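Before any comments, here is the structure.
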Amino acid sequence: HKHELWRELASSGKLTAHMLDIDDTAQEWMDRMIPEMAKAAGATEELKDRDQMAWVGLINNCKARAEEIIFTELVYT
């Protein structure tokens with residue numbers, strides 16, 4: 001999506017460092033967002049003990065939503 005930036009970073013040898021920085025930032029956001037979203041969705045330890053499939057579904061949904069937010073706000077902009 002950012003062809004000019006990619007060419008500049010690739011030609012200067014800074015592409016790998018930039019990609020690692022984006023990856024680190026994305027992981028930090030995921031680590032912060034998923035627990036918050038899970039709590040808001042009701043994915044509690046009690047639910048996990050009572051109905052594992054429902055809990056897994058909620059967690060997977062939270063992960064997918066967090067990934068979409070991160071791609072939209074961090075990767076594609």
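The values are calculated or read from the model by the stated rules, or taken from the named source; none is laboratory data. As the structure is a computational prediction, the values presented were derived from the model and not from experiment. Don't worry about glycine lacking a Cβ; one is built from the backbone with ideal geometry, like all the others, and counts go over all protein chains shown. Protein only, heavy atoms only, side chains kept; ligands, DNA and RNA dropped before computing areas. Shrake-Rupley method; radii C 1.70, N 1.55, O 1.52, S 1.80 Å.
With a simple spin-label model that places each label point 7 Å from the Cα along the Cα-to-Cβ direction, the separation between S11 and K39 comes to 4.8 nm.
Taking 0.890 mPa s as the viscosity and 25 °C as the temperature, the Stokes-Einstein diffusion coefficient of the chain based on its alpha-carbon Kirkwood radius rounds to 172 µm²/s. Taking the C-alpha atoms only, the angle from helix 52-70 to the longest principal axis of the chain is near 20 degrees.
Full extension of the chain between E28 and T72 yields a length gain of 14.3 nm, computed as 0.36 nm times the residue separation minus the alpha carbon distance.
Approximating the spin labels as points 7 Å out from Cα along Cα→Cβ, the D49-to-N61 distance works out to 2.3 nm. What a 1.4 Å probe finds exposed on the chain is 55% carbon and sulfur by accessible area, rounded to a whole percent. The residues of the chain expose on average 77 square angstrom of accessible surface per residue, using a 1.4 Å probe on protein heavy atoms. Label-to-label distance for E4 and L20 is 2.8 nm, based on points extended 7 Å past Cα in the beta-carbon direction.
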